[in-house]
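Enquirer: Here you go, one structure.
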Amino acid sequence: MWLTTLGCAKNQVDSDKVTGVLHAAGYEDAASPETADVVMVNTCAFIEPARRESVDAVLELADTKRTDAKLVVLGCMAQRYEQELIEALPEADAVIGLDRYPELVSRLDQLTEWQPLQIRPLQKSAMDILYETRRPTPATPYAYVKVAEGCDKLCTFCAIPQFRGKQRSRSRENIVAEVAGLVESGVREIVLVAQDLAAYGRDVGDKGGLRTLIDEVAAVPGLRWLRLYYLYPGEVRRPLIELMADTPTVANYFDLSLQHSSHRLLRAMKRPGSGHGHMELIHSIRTAAPDAALRSSFIVGFPGETEDDVESLAGFLESAQLDWVGLFPYSAEEGTPAADYDGQLAHDEIMERMRHLQAIQDDITQSRNASQMGRRVDVLVDQVEDGQAVGRSYRQAPEIDGVILLDRGLPGEWLRAEVRGAFGTDLEAKVIS
Ligand code: SF4
């Protein structure tokens, strides 16, 4: 089998779980798509560019695979557009959405006409696959752990609740057991993910919610860093901020999804806050954790966004001085309220605004990076590439932020280093112990 994964960290976890289920059923990893009997793409359906990338990946694998090999489309696009994909992609032998994952093994057996020697265990529910499946040992010293599926929020631009459903939280015991297993297998950093992480446990009446989960996961012996993604700003209040700031294992890193600074637009997005409110949140974080690294995502070109709104967002970025920012061009998503709003902007106009704001943020990110010069930091080595040790400090999340190039180090090593150089989003550091 061969599995290509697209989209977010949550999709990466799904791929690990699917791999775990198929390994348990006797399927083995192929060295390349050309040698695999089954090639699969775990697709993303969040916005138009992601969907295009998913279809391109399917078509590319259709060309690359052996003619007798089977091509299977998985993930959010398969969940959201099953029928459309079956009609539009004759190259695909099967389109299996998230709700159909319990059938995955039997479908692949049918496709490959493979008669398993042993009796197949009873099929698990889609959520049980998420809960119970032991995932393969990650190739990196960090791993994502998905603590819940779905989302109960109603952001007017977002289609995710349509295909990922209502929030369903895993039990704390189940999550802590998975984390312990990953740490046992050599993982040193855990990144907790969910569509709406800060609302963890609410759907199952778990009063302690995310804070109790942090306490229990952070206490797993051998874990060095616990990082949190996708914190909905309206849910980030003093108790959570102080817990994150005061728990040594929690990376001093706040990933907020502020989305915009215009009060009017945030109301239209059904999102909390305003530019002023966001600044107060950032201030309370920096008061509790002065060295905290801050990341946020923003949507550019939401219907009705004026030039003044763009300039107010530019001014907000200047004032907020965030370490890392993800700017996303608004994409009218089928079935979302915002898709029918007046004031839809032309794509070229949106991309022009993206370029303007990106240039401003690039300068901020680089100056925040340069301010690390001379600092002594703990670094987790992720990999050695062409003899170059590459790692990250608490300020850099895996795969989305910059990295630190070290003069030495092995994957999984935890080293103390002094920052000696800064270039763009990356740093250079000399190991001191
Ligand atoms: S919080 Fe909003 S943007 Fe995030 S997944 Fe839920 S509905 Fe979508």
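The values are calculated or read from the model by the stated rules, or taken from the named source; none is laboratory data. Computed from a predicted structure; not experimentally measured. Cβ sites come from the backbone with ideal geometry, for glycine too, and all protein chains shown count toward neighbours. Just so you know, the surface numbers come from the protein's heavy atoms only, side chains and all, with ligands and any DNA or RNA stripped out. Shrake-Rupley method; radii C 1.70, N 1.55, O 1.52, S 1.80 Å.
Enquirer: Using the C-alpha gyration tensor of the range 2-126, what are the square roots of 5 times its eigenvalues, in whole angstrom, with the largest one first? Don't skip to the answer; put the middle values down first.
Expert: Working: eigenvalues 94, 56, 36 Å².
Each semi-axis is √(5λ); the values are 22, 17, 13 Å.
Enquirer: Let me ask something else. Suppose all protein chains stay in the model; what accessible area per residue would a 1.4 Å probe give for the range 250-299, in Å²?
Expert: 34
Enquirer: Restricting to DSSP H runs of at least four residues, report the calculated mean residue ellipticity at 222 nm for the chain, -39500 (n - 2.57) per run over all residues, nearest 500 deg cm²/dmol. Before the final figure, lay out the partial values.
Expert: Numbers: 14 runs with 157 residues, N = 433.
It comes out at -11000 deg cm²/dmol, rounded to the nearest 500.
Enquirer: Using a Förster radius of 22 Å, what is the FRET efficiency between Ala177 and His23 based on their Cβ-Cβ separation? Nearest 0.05, please. Numbers along the way, then the final one.
Expert: Details: r = 19 Å, r/R0 = 0.84.
Given R0 = 22 Å and the Cβ-Cβ separation, E is 0.75.
Enquirer: Under 8 Å for C-alpha pairs, at least 6 residues apart: give me the relative contact order for the chain, rounded to a whole percent. Don't jump to the answer; show the numbers that get you there.
Expert: Numbers: 814 pairs, mean separation 43.9, N = 433.
Reported as a whole number, the value is 10 percent.
Enquirer: Evaluate the range 376-431: find the radius of gyration of its Cα atoms, find its Kirkwood radius, and give the ratio Rg to Rh.
Expert: Value, to two decimals: 0.90.
Enquirer: On average, how much accessible surface per residue is there in the range 376-431, in Å², for a 1.4 Å probe, leaving out ligands, DNA and RNA?
Expert: Accessible area per residue, the range 376-431: 44 Å².
Enquirer: How about the chain: what cysteines have no other cysteine beta carbon under 4.7 Å from their own?
Expert: Cys with no partner Cβ under 4.7 Å: Cys8, Cys44, Cys76, Cys151.
Enquirer: In a solvent-free Debye calculation with one equal scatterer on each Cα, what is log10 I(q)/I(0) for the range 127-370 at q = 0.10, 0.15, 0.17 Å⁻¹, listed in the order of the q values?
Expert: -0.52, -1.11, -1.31
Enquirer: When the accessible area of the chain is computed with all protein chains present and a 1.4 Å probe, what percentage of it is carbon and sulfur?
Expert: Values: 9580 of 18600 Å².
Carbon and sulfur together cover 52 percent of it.
Enquirer: Taking the alpha carbon gyration tensor of the chain, what are the square roots of 5 times its eigenvalues, largest first, to the nearest whole Å?
Expert: 34, 28, 22
Enquirer: Measuring from label point to label point, each 7 Å out along Cα→Cβ, what is the Gln366 to Glu87 span in nm?
Expert: According to this spin-label approximation, the distance is 4.9 nm.
Enquirer: Roughly what % of DSSP beta bridges within the range 130-238 run antiparallel, to the nearest 5?
Expert: 20
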